[in-house]
1. Charges only on Cβ, +1 for Lys and Arg, -1 for Asp and Glu: so what's the dipole of segment 6-119 about the Cα centre, in debye to the nearest 20?
2. Apply the membrane-span-like helix rule to the chain: whole DSSP H runs, Cα extent along the own long axis of at least 18 Å, mean Kyte-Doolittle hydropathy at least -0.5. List the helices found.
3. Roughly how big is segment 71-122's charge dipole about its Cα centre, with Cβ charges of +1 (Lys, Arg) and -1 (Asp, Glu), in debye to the nearest 20?
4. Sort I23, I89 so the one with the fewest other Cβ atoms within 10 Å of its own Cβ comes first.
5. Report the dimensions of the chain along its three principal axes from the alpha-carbon atoms, largest first, rounded to Å.
Amino acid sequence: MGINIVLVDGHDDIRSGLARHLIRDARLALLGTTMSVEEAATFLPYLEPDVVLVDAVGNTAVLTETCRRLRRLTRARLVVLVASMPADIWQAIKAAGADHYLLKQLDRDWPGRELRSLAGTA
């Protein structure tokens, strides 16, 4: 059985491209994608993802609130996709419920590789 993932990303092109990369890896199971926490709230409590992968959008306050809201919806590992992660922002989102972050890279295989590593199934 694979790692069950829900992807939350407000950018249609990025979300669909990342979803395509994730489903190429047989060890990952993409349960669903959504553009917002509000939309995720309609189905996330009924799924049992291992990981919720969320794109970092907005300032620290917005990202922190996003993490808090997602944490209330699920016990899954909350992994934030970021271009960079200053220590103060990491501490804020970690306190809000984030479990880990992944740095965005150009390598098309990186999301699956990182998620498998986090789950200990590399």
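1. Using only the charged Cβ atoms, the result is roughly 280 debye.
2. 60-73
3. Computed about the Cα centre, the dipole is about 260 debye.
4. Going from sparsest to densest Cβ surroundings: I23, I89.
5. On the principal axes, the chain reaches 35, 31, 29 Å in Cα extent.
FYI, it's all coordinate maths here, none of it is from the lab. Because the structure is predicted, anything quoted here is derived from the model rather than measured. Ideal geometry is used to build each Cβ from the backbone, glycine not excepted, and the neighbour counts take in all protein chains shown.
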